[in-house]
Amino acid sequence: MHRGITVAFIVVATMPLIQPLVLGDDFECEGQQCAEVRRGVIAFLDRHVGGLSGNGRACADCHMPTNSFQLSPASVEARYQLLQFLHRFDPKADDPLFRPIDADDFRIHGANASDYTTMRRNGLIRVTLPLPPNVKLIDPATNLPSAEASVDVWRAVPSVTNVALTGPDGHVFVPRGPNAGGGYQLDARITTLQEQALQAFINHAQVQKTPAQQTLDDLNAFQLTLFSSTGVRALANAVSKGTSPLPDPDPPLSPLEEQGKAVFVRACAQCHGGPGGSASQLPLVARFHDINTTCPRPVDTVSPSRFSFEPCPSGLAEKVRTYEFTLANGSKVRRASSDPGRALLTGFIGGPPLLDDWNKLDVPGLHGISQTAPYFHNNSAATLEDAVKHYIEFFKFAQTQAPPGVIPPVLTTDGIHIDRPVKPEETAALVAYLRKL
Ligand code: HEC
Ligand code: HEC
């Protein structure tokens, strides 16, 4: 591995995080073993963990401690520009965020790939998933099923703060696919943080040797100490101790934020419920939902149009692939998506809405959300205002999908009135509250 100038971590900026772990006698390590947590921080930042012969990437290269443990397109671009600047002085200058596996032209140019447009513009990382046995990709050149056994989808890097609260919630609605009760990754395909770290070492850091179980345990312990606020930290501690009633994680709220909270409880908490904000509440039982964030997005055929989603940001439309599913009765169905979500894990489509896995994603937690723009699995909403705007259309779209005379639970509290949707005039209050989560 060559060594030029390496774009260093801004260790000083991570000190507020590391200090209490290293120095604090009274720091309880959030119920984790302090020795594991300390080793975990180091493993998280280490670009060459235990000589695993990887590509030089640390967890912190994507889950940036200076960026709320996620990755924004702005951070990618700043690092890209810094690297170009350093290359003028040292052709070997390096930032391991930029590795060919996450370049757009990787499938064409392999190890020589160098087009980082999707990372720089959208902040997205390549995630390669095997196709279920009954699913084929359609070759755009021939319009026939291709021989591909896996597919690339492009996903945002989620924050690893609050992972103590957002894993499996044990509430199984449809026992199908991995982690029917929720899990880690945007599609919940992974059960534990140890397994998650192992997959990250293999897929993102391209390690040649298997990491030690202790390293995975250390990373687990460290991540379980990361919270977006003291209120959320106290809540997680209470959950793990089984305290009842649980403390309210919200800080004191202004009247506007209180109004926003009422909107949130009515319109949003039905999916973003429970302590982590990722557990669906009755009567909306499913943990996985399609909220029309994938591409292409529905366009109304009726005029005047009853809903109108923002078109997908540039670059995402070209990530759309057409899939052919062979159903249980032998018939074949083709559908197009930039990211079919749970359907890539189960191969199951074609049931009534709640049962269909097409485009379904795990409901993410929303604590600390003001720190982690842009939003959604493909970073398609730049701001919280844009995310709320998207939901206003989502609720309108849901009304057009219901069979005549039926009001789906997502729209109603009493089964009679459409009283859940967020209204445009509620946006300011709702966003003010979202910033306090
Ligand atoms: C190349 C960038 C990259 C690197 C390096 C990386 N991750 Fe990730 N991480 C991602 C992406 C992208 C996702 C979402 C993937 C998906 O949903 O399929 C993710 C998801 C996660 C999640 C799931 C969070 C949740 O709420 O479900 C955890 C935990 C995590 N990573 C931990 C780690 C650890 C620990 C390491 C180091 C061993 C690591 N990551 C290295 C990009 C990265
Ligand atoms: C039907 C269930 C459902 C409802 C109702 C719902 N959400 Fe979501 N929410 C989801 C799912 C699923 C995702 C993940 C989608 C994605 O990543 O593309 C999500 C993602 C988000 C995100 C992005 C999180 C991130 O880290 O990028 C925000 C912000 C958000 N929701 C806010 C809200 C607000 C505000 C409301 C109420 C107006 C709301 N949600 C109502 C299911 C729901």
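The values are calculated or read from the model by the stated rules, or taken from the named source; none is laboratory data. Everything numeric here is computed off the predicted structure, so don't read it as measured data. Here the Cβ positions follow ideal geometry from the backbone for every residue, glycine too, while neighbour counts run over all protein chains shown.
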>> Looking only at helices (runs of 4 or more DSSP H) that lie completely in the range 122-223, which have at least 2 residues being within 25 Å of Pro283 (Cα to Cα) and either within 16 Å of ligand 2 (Cβ to nearest atom) or not aliphatic (A, V, I, L, M) (or both)?
In response: 163-166
> In this structure, does Thr293 turn out to be surrounded by 16 or more Cβ atoms within 10 Å (Cβ to Cβ), farther than 20 Å from Asp104 by Cβ and out of contact with any Cys (no Cβ under 8 Å at 6 or more places or on another chain)?
Replying inline: yes
> When the range 249-279 is examined, which residues are found to be in a loop (DSSP other than H, G, I, E, B) and within 16 Å of ligand 1 (Cβ to nearest atom)?
Replying inline: Cys271, His272, Gly274, Pro275, Gly276, Gly277, Ser278
> Among the listed residues Gly415, Gly347, which satisfies the condition of being on the phi > 0 side of the Ramachandran plot, more than 12 Å from ligand 2 (Cβ to nearest atom), buried (at least 18 other Cβ atoms within 10 Å of the Cβ) and not assigned by TED's automatic domain parsing to the domain that holds Cys62?
Replying inline: Gly347
> Is it true that Phe106 is in contact with a Leu (Cβ under 9 Å, 6 or more places away or on another chain), within 14 Å of ligand 1 (Cβ to nearest atom) and of a type in the set (Phe, Trp, Tyr)?
Replying inline: no
> Identify, please: which residue in the range 30-83 is modelled with pLDDT of 95 or more and among the polar types (S, T, N, Q) and is, among those, farthest from ligand 2 (Cβ to nearest atom)?
Replying inline: Gln81
>> Could you tell me how many of the residues in the range 153-182 are within 10 Å of ligand 1 (Cβ to nearest atom), modelled with pLDDT of 85 or more and at positive phi?
In response: 1
> Any idea how many residues of the range 262-280 are more than 16 Å from Phe395 (Cα to Cα) and surrounded by 20 or more Cβ atoms within 10 Å (Cβ to Cβ)?
Replying inline: 6
